[in-house]
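Chemist: Attaching a single structure in C-alpha coordinates format; questions to follow.
The values are calculated or read from the model by the stated rules, or taken from the named source; none is laboratory data. Quantities reported herein were computed from a predicted structural model and do not represent experimental measurements. Cβ atoms come from the backbone with ideal geometry, glycine included; neighbour counts cover every protein chain shown. We work out accessible area using only protein heavy atoms, side chains counted, and drop any ligands, DNA or RNA first. Shrake-Rupley method; radii C 1.70, N 1.55, O 1.52, S 1.80 Å.
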Amino acid sequence: MKIDSEGNQASLRSRWGVPLGVAAGVAALSVGAVALFSGAGEAQPVLASPAGNPTGAAASPSAGATQGSTSGGVGKAPSSAPDTFTVTSGKTTPIDSGTVSKILSSCLGSDASRYEAVIGVRTPLASKDWDGVVVAVDSAGQYVQCESKGDKGNSPDSPPTFINNRLWGTGHTIAYFDSIGAPVGKKQLVMLGAGHHAPNVAKVTISYGDDPKQYPAVMADGAFVYAAALSTDSSHIDRRDAAGPNPYVHAFDASGKEIYNQAKDPQFAG
(Lines give C-alpha, C1' and ligand atoms only; values in the text may rest on other atoms or scores of the structure.)
Protein backbone atom coordinates (compact mmCIF):
# COMPACT_ATOMS: atom_id res chain seq x y z
CA MET A 1 0.00 0.00 0.00
CA LYS A 2 1.41 3.36 -1.01
CA ILE A 3 1.13 6.28 1.38
CA ASP A 4 1.36 10.00 0.72
CA SER A 5 3.54 11.90 3.15
CA GLU A 6 0.67 14.41 3.33
CA GLY A 7 2.97 17.19 2.24
CA ASN A 8 3.30 18.62 5.73
CA GLN A 9 5.62 16.29 7.62
CA ALA A 10 8.53 17.62 9.63
CA SER A 11 12.10 17.22 8.47
CA LEU A 12 13.55 13.82 9.26
CA ARG A 13 16.67 14.43 11.25
CA SER A 14 17.73 12.07 14.00
CA ARG A 15 14.54 13.18 15.79
CA TRP A 16 11.29 14.72 14.63
CA GLY A 17 10.07 18.01 16.03
CA VAL A 18 9.52 18.38 19.74
CA PRO A 19 9.67 15.27 21.90
CA LEU A 20 6.50 13.39 22.72
CA GLY A 21 5.55 12.56 26.28
CA VAL A 22 3.67 10.19 28.54
CA ALA A 23 2.11 10.31 32.00
CA ALA A 24 2.96 7.48 34.34
CA GLY A 25 1.05 5.80 37.11
CA VAL A 26 -2.33 5.53 35.38
CA ALA A 27 -2.54 1.91 36.40
CA ALA A 28 -0.70 -0.26 38.88
CA LEU A 29 2.17 -1.65 36.85
CA SER A 30 3.54 -5.16 36.98
CA VAL A 31 7.23 -4.84 36.23
CA GLY A 32 10.15 -7.21 35.91
CA ALA A 33 9.45 -8.81 32.52
CA VAL A 34 10.93 -7.74 29.23
CA ALA A 35 8.58 -8.27 26.30
CA LEU A 36 10.59 -10.27 23.77
CA PHE A 37 9.30 -10.94 20.28
CA SER A 38 10.38 -13.40 17.64
CA GLY A 39 10.68 -12.54 13.97
CA ALA A 40 7.48 -14.52 13.41
CA GLY A 41 5.66 -12.20 15.78
CA GLU A 42 5.13 -14.61 18.68
CA ALA A 43 5.30 -13.05 22.13
CA GLN A 44 7.39 -14.42 24.96
CA PRO A 45 5.92 -14.07 27.55
CA VAL A 46 2.26 -13.87 26.64
CA LEU A 47 1.54 -10.62 28.49
CA ALA A 48 2.48 -8.55 25.46
CA SER A 49 1.10 -8.37 21.93
CA PRO A 50 3.59 -8.85 19.07
CA ALA A 51 4.36 -6.35 16.38
CA GLY A 52 3.99 -7.94 12.98
CA ASN A 53 1.81 -8.12 9.94
CA PRO A 54 -1.14 -5.77 9.39
CA THR A 55 -4.18 -6.50 11.51
CA GLY A 56 -7.58 -7.31 10.09
CA ALA A 57 -9.21 -4.63 12.22
CA ALA A 58 -10.95 -1.98 10.20
CA ALA A 59 -9.45 1.44 10.62
CA SER A 60 -11.39 4.62 10.95
CA PRO A 61 -10.83 7.00 8.05
CA SER A 62 -7.48 8.71 8.48
CA ALA A 63 -7.67 12.45 8.90
CA GLY A 64 -5.50 14.37 6.49
CA ALA A 65 -2.96 16.53 8.23
CA THR A 66 -3.24 20.26 7.82
CA GLN A 67 -0.42 22.72 7.58
CA GLY A 68 0.85 23.70 11.00
CA SER A 69 -0.91 20.85 12.81
CA THR A 70 0.91 18.15 14.73
CA SER A 71 0.78 14.37 14.88
CA GLY A 72 1.94 12.94 18.17
CA GLY A 73 4.01 16.02 18.89
CA VAL A 74 5.61 16.03 15.45
CA GLY A 75 5.98 19.54 14.06
CA LYS A 76 5.24 20.02 10.37
CA ALA A 77 6.57 22.18 7.62
CA PRO A 78 5.04 22.75 4.19
CA SER A 79 6.39 20.78 1.26
CA SER A 80 6.06 21.44 -2.47
CA ALA A 81 4.81 17.92 -3.27
CA PRO A 82 4.10 14.88 -1.11
CA ASP A 83 6.36 11.86 -1.37
CA THR A 84 4.86 8.38 -1.60
CA PHE A 85 5.90 5.64 0.82
CA THR A 86 5.21 1.92 1.17
CA VAL A 87 5.36 0.15 4.54
CA THR A 88 7.58 -2.86 3.92
CA SER A 89 7.67 -4.20 7.47
CA GLY A 90 6.06 -3.55 10.83
CA LYS A 91 7.88 -6.38 12.59
CA THR A 92 10.22 -6.07 15.54
CA THR A 93 12.70 -8.62 16.87
CA PRO A 94 13.68 -9.30 20.48
CA ILE A 95 16.59 -7.89 22.39
CA ASP A 96 17.87 -10.51 24.82
CA SER A 97 17.77 -9.70 28.52
CA GLY A 98 21.55 -9.47 28.87
CA THR A 99 21.80 -6.89 26.10
CA VAL A 100 18.82 -5.01 27.52
CA SER A 101 20.72 -4.65 30.81
CA LYS A 102 23.74 -3.23 28.97
CA ILE A 103 21.55 -0.79 27.05
CA LEU A 104 19.92 0.49 30.23
CA SER A 105 23.26 0.74 32.01
CA SER A 106 24.83 2.88 29.29
CA CYS A 107 21.64 4.94 28.95
CA LEU A 108 20.92 5.56 32.62
CA GLY A 109 24.26 5.08 34.35
CA SER A 110 24.01 4.41 38.07
CA ASP A 111 20.23 4.88 37.96
CA ALA A 112 19.77 1.79 35.77
CA SER A 113 19.40 -0.50 38.79
CA ARG A 114 16.20 1.33 39.75
CA TYR A 115 14.45 0.38 36.49
CA GLU A 116 12.90 -2.80 35.16
CA ALA A 117 12.67 -3.18 31.39
CA VAL A 118 9.19 -3.92 30.09
CA ILE A 119 9.83 -3.82 26.32
CA GLY A 120 13.07 -4.35 24.40
CA VAL A 121 12.95 -4.68 20.61
CA ARG A 122 14.95 -4.04 17.45
CA THR A 123 13.50 -2.06 14.57
CA PRO A 124 13.01 -3.63 11.10
CA LEU A 125 15.88 -1.50 9.75
CA ALA A 126 18.85 0.03 11.53
CA SER A 127 19.61 3.71 11.13
CA LYS A 128 23.05 5.23 11.52
CA ASP A 129 22.37 6.14 15.15
CA TRP A 130 19.89 3.56 16.45
CA ASP A 131 18.49 0.10 15.79
CA GLY A 132 15.96 -0.46 18.57
CA VAL A 133 14.50 0.70 21.84
CA VAL A 134 14.15 -0.32 25.47
CA VAL A 135 11.32 1.02 27.61
CA ALA A 136 11.70 0.61 31.36
CA VAL A 137 9.82 1.73 34.46
CA ASP A 138 10.72 2.29 38.11
CA SER A 139 8.78 1.49 41.28
CA ALA A 140 7.11 4.91 41.16
CA GLY A 141 5.71 4.25 37.68
CA GLN A 142 8.15 6.61 35.95
CA TYR A 143 9.09 5.50 32.45
CA VAL A 144 12.30 5.94 30.47
CA GLN A 145 12.85 5.31 26.77
CA CYS A 146 16.36 4.40 25.62
CA GLU A 147 17.18 4.10 21.93
CA SER A 148 19.73 1.37 21.28
CA LYS A 149 22.64 0.85 18.93
CA GLY A 150 24.00 -2.62 19.49
CA ASP A 151 24.40 -2.95 23.26
CA LYS A 152 24.63 0.80 23.87
CA GLY A 153 21.69 2.98 24.91
CA ASN A 154 20.92 6.66 24.80
CA SER A 155 18.10 8.91 25.96
CA PRO A 156 17.66 12.29 24.25
CA ASP A 157 15.73 13.54 27.27
CA SER A 158 17.30 15.19 30.29
CA PRO A 159 16.46 13.76 32.71
CA PRO A 160 15.32 10.54 30.97
CA THR A 161 12.06 10.65 32.96
CA PHE A 162 11.13 13.89 31.15
CA ILE A 163 8.88 11.81 28.87
CA ASN A 164 6.39 11.40 31.74
CA ASN A 165 3.35 13.72 31.89
CA ARG A 166 4.24 15.63 28.73
CA LEU A 167 1.46 14.87 26.29
CA TRP A 168 -1.79 12.97 26.68
CA GLY A 169 -4.22 12.60 23.82
CA THR A 170 -7.79 13.78 24.24
CA GLY A 171 -9.70 11.56 26.67
CA HIS A 172 -6.57 10.55 28.61
CA THR A 173 -6.46 7.20 26.80
CA ILE A 174 -3.08 7.41 25.05
CA ALA A 175 0.04 9.28 26.12
CA TYR A 176 3.11 9.75 23.98
CA PHE A 177 6.83 9.13 24.57
CA ASP A 178 9.46 10.01 21.96
CA SER A 179 8.89 9.43 18.25
CA ILE A 180 11.85 9.29 15.87
CA GLY A 181 12.64 8.52 12.26
CA ALA A 182 15.67 8.40 10.00
CA PRO A 183 16.58 7.69 6.39
CA VAL A 184 18.32 4.39 5.67
CA GLY A 185 20.15 4.65 2.38
CA LYS A 186 18.58 6.40 -0.58
CA LYS A 187 15.18 4.75 -0.79
CA GLN A 188 14.23 3.67 2.73
CA LEU A 189 13.48 5.07 6.15
CA VAL A 190 12.77 3.63 9.56
CA MET A 191 10.28 4.94 12.12
CA LEU A 192 10.05 4.26 15.84
CA GLY A 193 7.74 5.46 18.58
CA ALA A 194 6.53 4.58 22.05
CA GLY A 195 3.91 5.57 24.57
CA HIS A 196 1.68 4.66 27.47
CA HIS A 197 -1.97 3.65 27.57
CA ALA A 198 -4.81 3.76 30.08
CA PRO A 199 -5.84 0.47 31.78
CA ASN A 200 -8.99 0.06 29.66
CA VAL A 201 -6.90 -0.31 26.48
CA ALA A 202 -6.50 -3.91 25.30
CA LYS A 203 -4.83 -3.30 21.93
CA VAL A 204 -2.83 -0.52 20.29
CA THR A 205 -2.28 -0.30 16.53
CA ILE A 206 -0.56 2.20 14.24
CA SER A 207 -1.54 3.47 10.80
CA TYR A 208 0.68 5.57 8.56
CA GLY A 209 -0.35 8.64 6.60
CA ASP A 210 -3.54 8.19 4.58
CA ASP A 211 -3.24 4.38 4.48
CA PRO A 212 -5.99 2.87 6.69
CA LYS A 213 -4.08 -0.38 7.23
CA GLN A 214 -3.11 -0.84 10.88
CA TYR A 215 -0.06 -2.53 12.37
CA PRO A 216 -0.09 -3.89 15.95
CA ALA A 217 2.18 -2.28 18.51
CA VAL A 218 4.25 -4.20 21.02
CA MET A 219 2.53 -3.87 24.40
CA ALA A 220 3.62 -4.68 27.95
CA ASP A 221 2.91 -3.32 31.43
CA GLY A 222 1.09 -0.20 30.29
CA ALA A 223 3.63 0.75 27.61
CA PHE A 224 3.65 0.27 23.84
CA VAL A 225 6.26 0.48 21.08
CA TYR A 226 5.87 0.56 17.32
CA ALA A 227 8.36 0.48 14.47
CA ALA A 228 8.18 0.35 10.70
CA ALA A 229 10.42 0.17 7.67
CA LEU A 230 9.25 2.14 4.63
CA SER A 231 10.44 2.43 1.06
CA THR A 232 9.93 5.27 -1.39
CA ASP A 233 10.66 6.22 -4.98
CA SER A 234 11.68 9.67 -3.81
CA SER A 235 15.07 10.82 -5.05
CA HIS A 236 15.86 12.74 -1.84
CA ILE A 237 15.03 10.30 0.97
CA ASP A 238 18.73 10.14 1.85
CA ARG A 239 18.78 13.87 2.61
CA ARG A 240 18.48 14.97 6.24
CA ASP A 241 15.32 16.91 5.38
CA ALA A 242 13.48 13.94 3.86
CA ALA A 243 9.90 13.58 5.04
CA GLY A 244 7.82 10.53 5.92
CA PRO A 245 4.15 9.85 6.65
CA ASN A 246 2.57 10.68 9.99
CA PRO A 247 2.10 7.70 12.33
CA TYR A 248 -1.37 7.59 13.94
CA VAL A 249 -2.09 5.67 17.14
CA HIS A 250 -5.36 3.72 17.54
CA ALA A 251 -6.55 2.12 20.78
CA PHE A 252 -9.17 -0.61 21.30
CA ASP A 253 -10.93 -1.94 24.38
CA ALA A 254 -11.34 -5.63 25.26
CA SER A 255 -14.46 -5.93 23.10
CA GLY A 256 -12.53 -4.77 20.02
CA LYS A 257 -14.16 -1.34 19.91
CA GLU A 258 -11.91 1.51 18.85
CA ILE A 259 -11.86 4.00 21.71
CA TYR A 260 -9.13 6.33 20.44
CA ASN A 261 -7.98 7.44 17.00
CA GLN A 262 -5.15 9.96 16.92
CA ALA A 263 -6.09 11.03 13.40
CA LYS A 264 -9.40 12.27 14.82
CA ASP A 265 -7.96 13.73 18.01
CA PRO A 266 -8.47 17.52 17.81
CA GLN A 267 -5.07 18.03 19.42
CA PHE A 268 -3.42 16.54 16.34
CA ALA A 269 -5.98 16.69 13.53
CA GLY A 270 -5.91 20.49 13.36
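Chemist: For Val184, all conditions in the list (1) at pLDDT below 95; (2) under 25 Å from Ala263 (Cα atoms); (3) open to solvent by 10 Å² or more (accessible area, probe 1.4 Å) hold save one; what is the number of the exception?
Modeler: Only one criterion in (1) at pLDDT below 95; (2) under 25 Å from Ala263 (Cα atoms); (3) open to solvent by 10 Å² or more (accessible area, probe 1.4 Å) is unmet by Val184, namely (2).
Chemist: On the given criteria, is Arg122 basic (Lys, Arg) and in contact with a Ser or Thr (Cβ under 9 Å, 6 or more places away or on another chain)? Full working, then the answer.
Modeler: Working: basic (Lys, Arg): yes; in contact with a Ser or Thr (Cβ under 9 Å, 6 or more places away or on another chain): yes.
It is true that Arg122 is basic (Lys, Arg) and in contact with a Ser or Thr (Cβ under 9 Å, 6 or more places away or on another chain).
Chemist: Can you tell me how many residues within region 156-197 are basic (Lys, Arg) and without any contact (Cβ under 8 Å) to a residue 60 or more places away in the chain? Walk me through how you get there before you give the answer.
Modeler: Start the filter on region 156-197 by keeping residues that are basic (Lys, Arg), which leaves 166, 186-187.
In the following step, the residues that additionally are without any contact (Cβ under 8 Å) to a residue 60 or more places away in the chain were identified as 186-187.
Of the residues in that region, 2 qualify.
Chemist: Considering every residue within region 58-71, establish whether at least one is within 16 Å of the chain's Cα centre (by Cα) and either open to solvent by 40 Å² or more (accessible area, probe 1.4 Å) or modelled with pLDDT under 90 (or both). Talk me through it step by step, then tell me what you get.
Modeler: Pass one, region 58-71, residues within 16 Å of the chain's Cα centre (by Cα): 70-71.
Subset that is either open to solvent by 40 Å² or more (accessible area, probe 1.4 Å) or modelled with pLDDT under 90 (or both): 70-71.
Yes.
The rows are residues; the columns are (1) surrounded by fewer than 19 Cβ atoms within 10 Å (Cβ to Cβ); (2) modelled with pLDDT under 95; (3) part of a loop (DSSP other than H, G, I, E, B).
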{"position": "Ser207", "(1), (2), (3)": "no, no, no"}
{"position": "Phe224", "(1), (2), (3)": "no, no, no"}
{"position": "Ala228", "(1), (2), (3)": "no, no, no"}
{"position": "Arg239", "(1), (2), (3)": "yes, yes, yes"}
{"position": "Pro245", "(1), (2), (3)": "no, yes, yes"}
{"position": "His250", "(1), (2), (3)": "no, no, no"}
{"position": "Ser255", "(1), (2), (3)": "yes, no, yes"}
{"position": "Tyr260", "(1), (2), (3)": "no, no, no"}
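Chemist: Can you pull out the residues in region 155-181 that are touching a strand residue (DSSP E or B) at 6+ places or on another chain (Cβ under 6 Å), open to solvent by 10 Å² or more (accessible area, probe 1.4 Å) and aromatic (Phe, Trp, Tyr)?
Modeler: Trp168
Chemist: Quick one: how many residues across region 98-132 are open to solvent by 20 Å² or more (accessible area, probe 1.4 Å), within 25 Å of Ala229 (Cβ to Cβ) and either within 21 Å of the chain's Cα centre (by Cα) or hydrophobic (A, V, I, L, M, F, W, C) (or both)?
Modeler: The number of residues fulfilling the criteria is 9.
Chemist: Condition first: among the aromatic types (Phe, Trp, Tyr) and over 19 Å from Val121 (Cα atoms). Now tell me which residues in region 156-211 satisfy that. Talk me through it step by step, then tell me what you get.
Modeler: Applying the first criterion (among the aromatic types (Phe, Trp, Tyr)) to region 156-211 yields 162, 168, 176-177, 208.
Passing the criteria: Phe162, Trp168, Tyr208.
Chemist: Can I ask one more? Filter region 187-202 down to the residues that are at pLDDT 90 or above and surrounded by fewer than 21 Cβ atoms within 10 Å (Cβ to Cβ) and list them by number. Full working, then the answer.
Modeler: The initial filter retains those residues of region 187-202 that are at pLDDT 90 or above, namely 188-202.
Matches in region 187-202: Gln188, Ala198, Pro199, Asn200, Ala202.
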